[in-house]
1. Within the set 96/129; 418/678; 419/464; 418/506, which residue pairs have Cα atoms separated by over 29 Å?
2. So which aspartates and glutamates pass the test for residue 349, namely a Cα distance under 20 Å, with those fewer than 8 places away in the same chain ruled out?
3. Once fully extended, how much extra length lies between residue 382 and residue 208, figured as 0.36 nm per residue of separation less the alpha-carbon to alpha-carbon distance?
4. On average over all directions, what projected area in square nanometres does segment 135-238 have, based on the convex hull of its Cα atoms?
5. Can you pull the accessible area of residue 402 for me, 1.4 Å probe, Å² to the nearest 10?
6. Which sequence of 620, 191 reflects their accessible areas, 1.4 Å probe, from the largest down?
7. Where does helix 548-566 land angle-wise versus the long Cα axis of the chain, in degrees 0 to 90, nearest 10?
8. With the convex hull built on the Cα atoms of segment 520-634, state its orientation-averaged projected area in nm².
Amino acid sequence: MNLKLFAGLLVVFTGLCAGQSIVAPDLNAGPTAEPKKPVIFDLSAIDTTADPCTDFYQYACGNWKKNNPIPADQVRWGRFNEVAERNNYLLYSELKSAADAPATPLQKKYGNYFAACMNVAQADKLGAKPIEPELAAIAAWSDKKQLAALDVERWKRFSSAGLFDIGVEQDQKDSTQQILETHQGGLTLPDRDYYLTDDDRSRTIREQYVAHVKAMFVLLGDSPERAATEAADVMRIETALAKGSMSRVERRDPAKRYHIMTVAQLQALSPDFSWKQYLDGINLGGVTTLNVSSPGYVEAANRVLETESLPAIKSYLRWHTVHSAAPLLSQPFVDENFNFFLATLQGQKQQTPRWKRCTNMTDGALGEAVGQDWVRQNFSPDAKENMQKLVAALERSLGEDIKNLPWMSDATKVEAEKKLDAIRQKIGYPEKWRDYSTLAVERNDLLGNVERARKFEDLHELSKLGKPVDETEWGMTPPTVNAYYNPALNDINFPAGILQPPFYDKNIDPAVNLGGIGVVIGHEMTHGFDDQGSKYDLNGNVRVWWTPEDLSKFNERTECEAKEYDGFEVAPGQNLNGHLTLGENTADNGGIRIAFQALEETLATQGAAAESGYVDGKRDGYTPQQRFFISFGQVWCENRTEQVARVRAKTDPHSSGEWRIKGTVQNFDEFGKAFGCKVGQPMMPANSCRVW
Ligand SMILES: [Zn+2]
């Protein structure tokens, strides 16, 4: 899986990452009813018995939380999920009709992809057969020195990472160039800390994981004794790789991921793997230098190759083969995979219905084919136009904010404003769609389709080497309910999927839209200036554009936020990691300020027009400022399992919904003023943190 570095609004797990499962009790059943359209500014969600100055999360979301328990097939349920479920349903309807009666060649392609995925009977009949060629290749491998040859062979059939993995990225020092990179990977549990942390909870998860790996080997037909040895091999090798891996916090620093080497230097770092043979084999023999993003990982992988036995490394490769294919195989594999990765690790009660999995998978593989029809049916041109206006308003606000920052010198302000002016915006969907004509899809070959789609993506990535950067390319598909900032392109991206309630409604007052999509836009813009984005200049190059004094003031301020969020608890004994979530928290805190400023400006310039529906300065009993904050809060109403709260605290750069709301409003005086809070109340502390 290609690791993108851009900052999304939230993490959504779709496609075929670890822990996906695609079978429901009634295997072929489609959705039973069309999910309701989410409500924007939902009065019935508010817990009026709570004091907004004490706990604004409870106030804005209390009744929503009570009335929206986590569905059995989810691990987390929030407003984002409401929209995503509805988008999924609409996509499903499109895919189903394309599968039954395609009207165009493109519909035939994604219809077949979807139909192959929905064919449970065939998956059950085949068992582990689809991965047999792969397992046979691993079995036939007889010389540790020839791992590169095996990797080339596997790459030719479909793209599969072994111990080492490569990709293409923009050069940090010259963003117009695209270079080859090796990155860390090779683990199965959600983070390297799961292998390294020595506490009871982590030890238990490791034991459950080893039992799961063993059970999968038994499903492949191995004896329990052999499976136990193989599972121990996997655990030992992954632990060794974890020890050589950088932490998520370290990886947030672009300098720590940048180590340009010649192929000869990389070879010296990993003498037991023939890079020349590998690069020649995958048609990249001409590459002379590359970025070794995690040298410690490369050394650890080489040590594995050097010290582990051939059979042990085979166990590791077999495991990754069966694990990545498990959701696509027969029921026992699907169930075993679900039991560990979703039920045990994340607290999901029931398998996700197959139609949802297959819809996500098809969107993941052919997103810009499926998205063309989806956009035509579900995205109005005026939504795009209104978004452009909102983005322009938010840009003006951020410009004002920068101008008025009390702690920044004029010299740095000039640079910050230049960067802001250079931010490009992409709204709705790509200007030009991907061409899928070279991707072969068969109606009866689920795993083959997935592998070919993966290979198609991989070749697309590798084909970028040495070519100009395509600035129009998107990192998310049109129906996605999310948004992102990409520091290397200095652009903000808002897929069509998010431009609807509870974020946006063209018929509602500006206060509500600015509290919803306005804060989202402000959030993405602020990413250009968070602890990570601020290291990139207006052209997407890593370069210090700050005066040393301003940089040290900036770091003091971000440290204040990191410490603050370190103190927020998400499950008993489990706090957020303030440095892991620093960029997202900075974006939340900056985003709300500039969206609020845009509201004040709108009220000042548009007066009565902006306040239509208001009586005596209030609507539904709330002032525009209060409606802004409630709208913001209600975007983040959610319930999540305790297990998922713990997993996300270690892996998700975003804070939980509760702290995205409370952390943000308690750092912003205007909130306390809007609700008449007194200094010293929880949502209006005497000392708070501010970066932007
Ligand atoms: Zn973000």
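The values are calculated or read from the model by the stated rules, or taken from the named source; none is laboratory data. No experiment lies behind these values; they were computed from the predicted model shown. Backbone-built Cβ (ideal geometry, glycine too); neighbour counts: all protein chains shown. For accessibility, only protein heavy atoms count, side chains too; no ligands or nucleic acids. Shrake-Rupley method; radii C 1.70, N 1.55, O 1.52, S 1.80 Å.
1. On the way: 96/129 27 Å; 418/678 39 Å; 419/464 26 Å; 418/506 31 Å.
In this structure, 418/678; 418/506 exceed 29 Å between Cα atoms.
2. Here the aspartates and glutamates satisfying the reach criterion relative to residue 349 are 26, 73, 82, 85, 335, 336, 638, 642.
3. On the way: separation 174, 0.36 × 174 = 62.64 nm, distance 5.18 nm.
That pair, residue 382 and residue 208, stretches by 57.5 nm at full extension.
4. Details: hull surface 37.7 nm².
Convex hull of Cα atoms, orientation-averaged projection: 9.4 nm².
5. 0 Å²
6. Details: 620 90, 191 15 Å².
Final ranking, largest accessible area leading: 620, 191.
7. 80 degrees
8. Working: hull surface 40.4 nm².
Across all orientations, segment 520-634 yields a mean hull projection of 10.1 nm².
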